[in-house]
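One structure is given here, and the rest of the page talks about it.
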Amino acid sequence: MALTDPGAYKDTVHLPKTDFDMRANAVKREPELQKFWAEQQIYEQLSQNNPGDLFILHDGPPYANGALHIGHALNKILKDTINKYQLLQGRKVRYVAGWDCHGLPIELKVLQTLKPEERKQLTPLSLRHKAKEYALKAVEVQLQSFKRYGVWGDWDHPYLTLTPDYEAAQIGVFGQMVLKCYIYRGFKPVHWSPSSKTALAEAELEYPEGHTSRSIYAAFEVIGLSKELQMLLDPFLGELGVAIWTTTPWTIPANLAVSVNPDLVYAVVEVGADFSSKFKYLIVAKDLIDRLSETLGTTLTEKSTMTGRSLEHCTYRHPLYDRQSEVVIGGDYVTTDSGTGLVHTAPGHGQEDYQVGLRYGLPLLSPVDDNGDFTEEAGQFAGLNVLGDGNSAVIQALAEAGSLLKEEP
């Protein structure tokens, strides 16, 4: 027989003789293996009787809000690999499964199962009861799936964040933190979702595809000067404005300051006669004069310069309210990368603004409710949605007040 003939090597290839099936047949074999592990209490025996030190894996719990997905598999199998390695090293491994049974992900799942009429009749308490029922069912489904993944652990005694003993322990820890003065009350701006009525983490923020913001350049009338600038800028008073730029015009009603960079050089510029504005002079960053001339479509002529530090405590009048505010020193976020070099500051609407407000003792003004609508504090804009008609109304009001320099997408 030639060596190239089919079957020429079959009598000379020596394979081991085993009882292994030709096919893995995981659908049948895996449950048999897991049944064997459970009956023989392999995890329990090793985790209790191994001679080595204790090894504890503190697992971040999954949400009890539905069936598992590939992300859960990756997470749990990697952790199980670590635990089994530690068992093979002779350590006493402790892995207690747990579930996070609180929060918006579970409530949203419940709401998705209800008809509009049922949602209207919901109270906070009835929603919590439904969320608890949903979470407990999800825990059982996920627990069985984790077992099928082959993950070892104390599945008979998981911790659930909704059980009274767990909540009591949390309160106990919180009480200790209070007694040690680790807990204090304060304010902090948060990202808010009007549609879900909940705070969002920064990682959860997403712009819709193709989203374009309405940005504006505006000016606020300067009505008072710092001691350092009284002689220099007094001739411009009455026709002088501080120029700002923002991509959130709806925050203008909450403006309580304008921030500058103390180390930047600023300039008073004369606006070209061809530009329609109530202000003949504007204060902008010196490095941005040419770019702003192009943006505003007019010639800005430098008349005087000063440091950002010297602008501190100059005062200006809000264009839409009977309110006076100060120019303040901001942080390194005040740059000449964009805008005017002066930053509209609303302590109730942003973390950096809030920090500046703390330094200067500014009040917290956030005239927007949970639905994203202006409150009575916003005066003429009350009831308007900030992401809709409210934004447009603020821009229109600035234009009517002579404060709007330009709007662009």
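The values are calculated or read from the model by the stated rules, or taken from the named source; none is laboratory data. Everything numeric here is computed off the predicted structure, so don't read it as measured data. All Cβ positions, glycine included, derive from the backbone under ideal geometry; neighbour counts span all protein chains shown. In case anyone asks, the SASA skips ligands and DNA or RNA and just uses the protein heavy atoms, side chains included. Shrake-Rupley method; radii C 1.70, N 1.55, O 1.52, S 1.80 Å.
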Within segment 50-66, residues being at pLDDT below 95 and either among the polar types (S, T, N, Q) or under 13 Å from GLY90 (Cα atoms) (or both) number 1
Matching residues in segment 302-342 (more than 27 Å from the chain's Cα centre (by Cα) and farther than 30 Å from GLY379 by Cβ) number 9
Q: Take THR248 and decide whether it is under 37 Å from the mean Cα position of the chain (by Cα), polar (S, T, N, Q), open to solvent by 10 Å² or more (accessible area, probe 1.4 Å) and within 14 Å of HIS344 (Cβ to Cβ).
A: yes
Among LEU104, LEU127, the single one that is of a type in the set (A, V, I, L, M, F, W, C) and either in contact (Cβ under 8 Å) with a residue 24 or more places away in the chain or over 30 Å from SER195 (Cα atoms) (or both) is LEU104
Filtering segment 227-245 for residues that are within 40 Å of the chain's Cα centre (by Cα) and open to solvent by 10 Å² or more (accessible area, probe 1.4 Å) leaves a count of 1
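Quick grid of which residues meet (1) of a type in the set (A, V, I, L, M, F, W, C); (2) surrounded by fewer than 21 Cβ atoms within 10 Å (Cβ to Cβ); (3) out of contact with any strand residue (DSSP E or B) (no Cβ under 6 Å at 6 or more places or on another chain); (4) part of a helix (DSSP H, G or I):
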position: HIS344; (1), (2), (3), (4): no, no, no, no
position: PRO347; (1), (2), (3), (4): no, no, yes, no
position: GLN355; (1), (2), (3), (4): no, yes, yes, yes
position: ARG359; (1), (2), (3), (4): no, yes, yes, yes
position: PRO363; (1), (2), (3), (4): no, yes, yes, no
position: LEU387; (1), (2), (3), (4): yes, yes, yes, no
position: VAL394; (1), (2), (3), (4): yes, no, yes, yes
position: GLY402; (1), (2), (3), (4): no, yes, yes, no
Exactly one of TYR9, TYR63, TYR43 is open to solvent by less than 80 Å² (accessible area, probe 1.4 Å) and of a type outside the set (A, V, I, L, M), and that one is TYR43
Log entry, pairs with first residue in segment 80-99 being open to solvent by 70 Å² or more (accessible area, probe 1.4 Å), second being assigned to a helix (DSSP H, G or I) and among the acidic types (Asp, Glu), beta carbons closer than 6 Å, six or more apart or on different chains, reads none
> Before we move on, is GLY331 of a type outside the set (A, V, I, L, M), open to solvent by 20 Å² or more (accessible area, probe 1.4 Å), at pLDDT 95 or above and over 23 Å from THR212 (Cα atoms)?
Replying inline: no
Any residue at all in segment 82-91 that's farther than 20 Å from TYR63 by Cα and hydroxyl-bearing (Ser, Thr, Tyr)? yes
Of the listed residues (LEU300, LEU311, LEU296, LEU264), the one being buried (at least 22 other Cβ atoms within 10 Å of the Cβ), in contact with a strand residue (DSSP E or B) (Cβ under 6 Å, 6 or more places away or on another chain) and touching a residue at least 60 places away in the same chain (Cβ under 8 Å) is LEU311
Reported set for segment 12-40 where residues are surrounded by 10 or more Cβ atoms within 10 Å (Cβ to Cβ) and either touching a helix residue (DSSP H, G or I) at 6+ places or on another chain (Cβ under 9 Å) or among the small types (Gly, Ala, Ser) (or both) is ALA24, GLU30, PRO31, GLN34, PHE36, TRP37, ALA38
Residue set PHE146, PHE187; condition in contact (Cβ under 8 Å) with a residue 24 or more places away in the chain and either open to solvent by less than 100 Å² (accessible area, probe 1.4 Å) or of a type outside the set (Phe, Trp, Tyr) (or both); output residue PHE146
Given (1) under 19 Å from VAL394 (Cβ atoms); (2) surrounded by 13 or more Cβ atoms within 10 Å (Cβ to Cβ), HIS211 misses just (2)
Taking segment 376-385 and the residues there that are over 16 Å from ASN255 (Cβ atoms) and not hydrophobic (A, V, I, L, M, F, W, C), the one that is surrounded by the most Cβ atoms within 10 Å (Cβ to Cβ) would be ASN385
Review point. Does GLY383 qualify as being over 21 Å from ILE244 (Cα atoms), more than 24 Å from the chain's Cα centre (by Cα) and not in a helix (DSSP H, G or I)?
Key: yes
